[in-house]
Amino acid sequence: MTTISDPSGGSFRLSMLLYDTRYRSYTIQFIALILLIALVSYLWANLMDNLASAGLNISFGFLQQASNYDINQSLIEYSSRSTHMRAALVGIINTLLVAFLACVTATVIGVIAGVLRLSRNWLVAKLMAVYVEAFRNVPVLIWILIIYTILTAVLSPPSAFRGDTPEASMLLGSFAFTNRGVYIPAPVWGPGSSIVVGVFILSIIAIIAWRRYAVAQLYDAGRSLPVAWPSLALFFLPTLIAFFLLGSPVSLDLPELRGFNFQGGIQIGAPLIALWLALSVYTGAFIAENVRAGIQAISKGQTEAAASLGLRPGRIMNLVILPQALRVIIPPLISQYLNITKNSSLAIAVGYADVTATLGGITLNQTGRAIECVLLLMLFYLTISLLISAVMNVYNSSVSLKER
């Protein structure tokens with residue numbers, strides 16, 4: 001802040017860095033930065049000296065060595081002869097997979113539970129309150145173990161699907177729910193399948209564009225355009241037409257019981273399902289409270305004004321309340337997404353091979369490179385957290401109120 005004692009304008013002099021309040025803060029910040037760099041350099045040099053005294057050094061060459069261990073679930077090609085770098089990549093992809101699935105499911109559960117907790121129906125509101133309080137007051141690790149135990153104890157083993165009169169049967173002849181995981185059909189991409197996928201992506205873009213146009217027409221011209229059936233038509237019809245015109249280029253590989261287990265299709269392992277469900281229902285309870293707080297932050301007069309215009313409760317929630325509540329909901333929602341990503345490191349409790357289990361577990365124990373593995377883990381989680389924060393902050397800016 002410029003004070004009355006500051007000298008008036010004129011040429012810059014070095015003494016102004018100390019006596020002029022306009023520049024003194026920059027001087028203090030520069031000195032603090034130099035001291036911080038010196039402290040970090042001292043600590044790093046001290047670490048290097050201690051490692052050298054112990055006959056150790058920091059090297060990432062171990063990433064190119066053979067891993068010599070198997071991973072039970074991988075979305076990319078991997079074997080025990082692959083490198084530790086490949087094993088770490090498998091763990092990273094597995095972590096991103098469960099984090100993405102849990103973020104989507106937790107958001108759906110949280111929004112539904114948060115809205116229902118404000119229901120005028122006493123039973124529904126109390127049931128949602130029990131759900132929220134029960135799940136958010138028990139550690140997520142306990143829920144992971146409980147859900148995993150239930151999955152492995154309740155579901156039938158693959159052998160139950162064998163025989164002339166099997167104890168268990170596949171759902172619709174294509175889906176098998178076993179204590180080892182769920183087996184679902186896998187798509188087989190033939191010639192022309194890329195066109196079908198492209199049409200499907202364009203349909204999604206068209207749905208988003210139509211919904212934005214409908215909202216703009218409602219706000220600008222007062223016209224209420226249908227949204228539900230045009231969205232369903234855009235979602236199914238173009239893709240089905242392209243699918244049959246191109247001669248059904250996409251087929252299905254159905255899981256089939258061979259020997260002691262199912263072969264073919266896609267296996268979603270029990271550890272992934274348990275971790276996914278546990279993170280979803282646990283974090284969904286926190287998101288429900290964020291949604292409830294965001295809705296309650298909106299003046300009741302907004303609801304009454306919308307009702308006076310003849311809007312039904314569902315339309316009032318979608319068009320009036322939730323759009324305004326998002327600016328309250330989004331900031332804490334970012335923290336919940338970060339918590340899901342970090343809590344996924346508990347996957348090792350049920351044997352799911354995430355990056356903590358591969359790079360920070362087996363690889364670390366085999367190579368003894370604790371510092372390098374921990375540094376890589378820290379870098380991974382820091383990068384993912386910053387990316388999530390950046391994306392959500394951009395979305396938060398797009399939905400926030402625009403003021404002059």
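The values are calculated or read from the model by the stated rules, or taken from the named source; none is laboratory data. Treat the numbers as computed from the prediction; the structure is a model and nothing was measured. All Cβ positions, glycine included, derive from the backbone under ideal geometry; neighbour counts span all protein chains shown. These area figures cover heavy atoms from the full protein model, side chains too; ligands, DNA and RNA do not enter into them. Shrake-Rupley method; radii C 1.70, N 1.55, O 1.52, S 1.80 Å.
A few points about this structure:
- Candidates Thr165, Thr367, Thr152: whichever shows maximal mean-square fluctuation once the chain is modelled as a Gaussian network with Cα springs under 10 Å: Thr165
- Integer Hz, Karplus 6.51/-1.76/1.60 couplings in order for the stretch 218-235, x for Gly and Pro: 5, 6, 8, 10, x, 8, 9, 8, x, 10, 5, 5, x, 5, 5, 5, 5, 6
- The order of Ile207, Ile93, Ile287 by accessible area, most exposed first and with a 1.4 Å probe, is Ile93, Ile207, Ile287.
- Distance in nm between pseudo-label sites at Ile208 and Ser80 (7 Å out along the Cβ direction from Cα): 4.5 nm
- Rounded to two decimals, the Cα radius of gyration of the chain over 2.2 N^0.38 Å is 1.31.
- Taking every C-alpha pair closer than 8 Å and separated by at least 6 residues, the mean separation divided by the residue count of the chain gives a relative contact order of 21 percent.
- The residues of the stretch 1-126 expose, per residue, 69 Å² of accessible area to a 1.4 Å probe.
- Amide H within-cut-off set for Ser156, under 5 Å, with H built and near neighbours excluded: Asn179
- Helical content alone sets the calculated 222 nm signal of the chain at -20500 deg cm²/dmol, taking -39,500 (n - 2.57) per DSSP H segment of four or more residues and averaging over every residue.
- Average Cα contact separation per residue, the stretch 282-404, under 8 Å, 6 or more apart, as relative contact order %: 27 percent
- Fraction of accessible area attributable to carbon and sulfur, the chain (%, probe 1.4 Å): 67 percent
- Note: the stretch 262-398, Cα convex hull, 156 Å³ per residue.
- Gyration tensor verdict on the stretch 26-69 (Cα atoms; rounded if a/c is under 1.5, prolate if a/b is larger than b/c, oblate otherwise): oblate
- Shape analysis of the stretch 30-164 places it in the oblate category; the axes a ≥ b ≥ c from the Cα gyration tensor give an a/c of at least 1.5, with a/b not above b/c.
- Rounded Å value of the spacing that divides the Cα centres of the stretch 128-196 and the stretch 333-363: 20 Å
- Residues whose amide H falls under 5 Å from that of Asp253, counting only those 5 or more places apart or on a different chain, are Ala186, Val188, with hydrogens built in the peptide plane.
- Exposure of Ser74 as accessible area (Å², to 10), given a probe of 1.4 Å and all protein chains: 40 Å²
- Taking amide hydrogens as placed 1.01 Å from N in the peptide plane, the amide H of Ala66 sits under 5 Å from that of no residue at least 5 positions away in sequence or on another chain.
- The solvent-accessible area of Trp44, taken with every protein chain present and a 1.4 Å probe, is close to 130 Å².
- Under Karplus coefficients 6.51, -1.76 and 1.60, residue-wise ³J(HN,Hα) of the stretch 189-205 in Hz, glycine/proline x: 8, x, x, x, 5, 5, 5, 4, 5, x, 5, 5, 5, 5, 5, 4, 4
- Couplings for the stretch 137-149, taken from phi via the Karplus curve 6.51 cos²θ - 1.76 cosθ + 1.60 with θ = phi - 60°, read 9, 10, x, 5, 4, 5, 5, 4, 5, 5, 5, 5, 5 Hz in order; Gly and Pro are left as x.
- Annotation: extensible slack from Met48 through Ala293 equals 83.2 nm (criterion: 0.36 nm per residue apart, minus Cα-Cα distance).
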